[in-house]
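The values are calculated or read from the model by the stated rules, or taken from the named source; none is laboratory data. It should be emphasised that the depicted structure is a prediction, and the values quoted were computed from it without experimental measurement. Cβ atoms come from the backbone with ideal geometry, glycine included; neighbour counts cover every protein chain shown. These accessible areas exclude ligands, DNA and RNA; they are computed on the full protein's heavy atoms, side chains included. Shrake-Rupley method; radii C 1.70, N 1.55, O 1.52, S 1.80 Å.
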Amino acid sequence: GIDDNIFNDSDDPKEDVTLTVESHVLAVLRLGLNELLFTTGSDYVWFKEHASERSSNATYAMRFNLSASRLKPYVGAASTRTRARSGAEIDTRARRTERLAVAGTSLSLTERTAVTASAQRDVSLFEDGERFRGVELDDRLNSTGWTYSGGVRYSVTPFTTLSVNGVYREETFQQSHLRDARSYAVTPVVEFSPEAVIRGSILAGYEVFVPEDPELAENRGVVFEGSLNWSIASMTLFDLSLGRKVDYSYEDSQPYYLQTGARLTVTQRLFGPVS
């Protein structure tokens with residue numbers, strides 16, 4: 001298609017022809033009742049005139065699920081190398097690597113009810129030399145986070161699951177401890193299976209965000225995150241994503257900000273399927 005403002009600059013918009021090619025692969029290895037999952041994906045974003053905005057992004061992930069008893073532990077890891085914009089504030093395609101490792105378990109109490117717990121470590125690293133408005137992004141935003149959660153999960157219907165989780169998170173910035181913070185949240189989550197009319201999940205709860213620097217103000221309030229999709233007569237497809245959370249700024253004068261956003265995409269199938 002044509003992007004009529006590739007730098008999101010309202011004063012001097014630049015137009016260019018762009019093309020994105022994506023690929024995704026999921027492999028599942030059954031080991032009795034257990035399963036080992038591998039997934040990989042890549043996308044290439046091409047611009048005709050502005051070669052600096054071209055990018056090739058790749059993701060690799062694996063997860064091992066043990067399901068032989070009422071206790072169902074799992075471990076997983078993922079790595080993503082990308083130039084996608086990291087947020088609404090940083091309007092540049094800065095190369096970075098994001099890594100994640102997670103371990104958790106689910107204990108079935110009844111046919112519908114389970115207790116869950118998990119621990120997650122995530123790392124975000126900008127490449128040396130990536131800058132925005134004269135700021136070295138790796139100096140300000142390279143970080144390591146730990147997230148611990150536990151809760152109760154209940155299957156309301158075969159297609160709908162309700163969870164209530166308590167979440168604690170710590171985030172440390174290796175070269176910018178001004179941004180170090182911790183947060184506490186209670187988050188109900190509704191999940192819809194892929195076979196349901198509405199698919200995806202939505203989370204909404206209350207969070208207390210506490211900066212380690214005593215001179216910075218706490219933030220208390222509602223947070224939410226969701227991704228839902230549904231269709232009408234298999235011809236019109238709707239994708240809704242929304243979120244509200246505290247995010248980190250590259251500016252030292254205001255190292256945190258509250259970001260709220262939503263996006264609805266409508267896709268109309270013109271004809272098909274053809275056999």
Worksheet item: So which trypsin sites (Lys or Arg not before Pro) in region 115-144 are both in a DSSP loop and have at most 11 other Cβ atoms within 10 Å of their Cβ?
Response: Arg133
Worksheet item: How big is the accessible area of Tyr154 in square angstrom, nearest 10, if you roll a 1.4 angstrom probe over the protein chains?
Response: 90
Practice prompt. Could you state how much accessible area Asp213 has, in square angstrom rounded to the nearest 10, with a 1.4 Å probe and all protein chains kept in place?
Written response: 40
Worksheet item: Where a Cα-Cα gap under 19 Å defines reach, which lysines qualify for Lys48, not counting those fewer than 8 residues away within the same chain?
Response: Lys14
Worksheet item: Which whole-number percent is the relative contact order of region 9-146 (Cα, under 8 Å, 6+ apart)?
Response: 15
Worksheet item: Using alpha carbons only, what's the Rg to Rh ratio of the chain with Rh from Kirkwood?
Response: 0.98
Worksheet item: Mind checking Rg over Rh on region 139-221, alpha carbons, Kirkwood formula for Rh?
Response: 1.13
Response to the item:
Counting only protein heavy atoms and leaving out ligands, DNA and RNA, the solvent-accessible surface of Trp46 at a 1.4 Å probe, in Å² to the nearest 10, equals 80
Discussion item. Leaving ligands and nucleic acids out of the surface, order Thr18, Thr39 by accessible area at 1.4 Å, largest first.
Written reply: Thr39, Thr18
Discussion item. Using Cα-Cα distances under 8 Å and only pairs 6 or more residues apart, what relative contact order does region 99-221 have, in percent?
Written reply: 17
Fill in: Which of His177, His50 is most accessible, then next, and so on - probe 1.4 Å
His177, His50
Worksheet item: For the chain, what is the accessible area per residue in Å² when the probe is 1.4 Å?
Response: 60
Discussion item. Below 8 Å between Cα atoms, with a sequence gap of 6+, how large is the relative contact order for the chain in percent?
Written reply: 8
Discussion item. Ignoring ligands, DNA and RNA, please state the percent of accessible area on the chain from carbon and sulfur, probe 1.4 Å.
Written reply: 56
Discussion item. Between region 7-84 and region 196-241, how far is it from one alpha carbon centroid to the other, in angstrom?
Written reply: 20
Worksheet entry | DSSP-loop GluC sites (Glu not before Pro) across region 31-73, with at most 12 other Cβ within 10 angstrom | Glu49
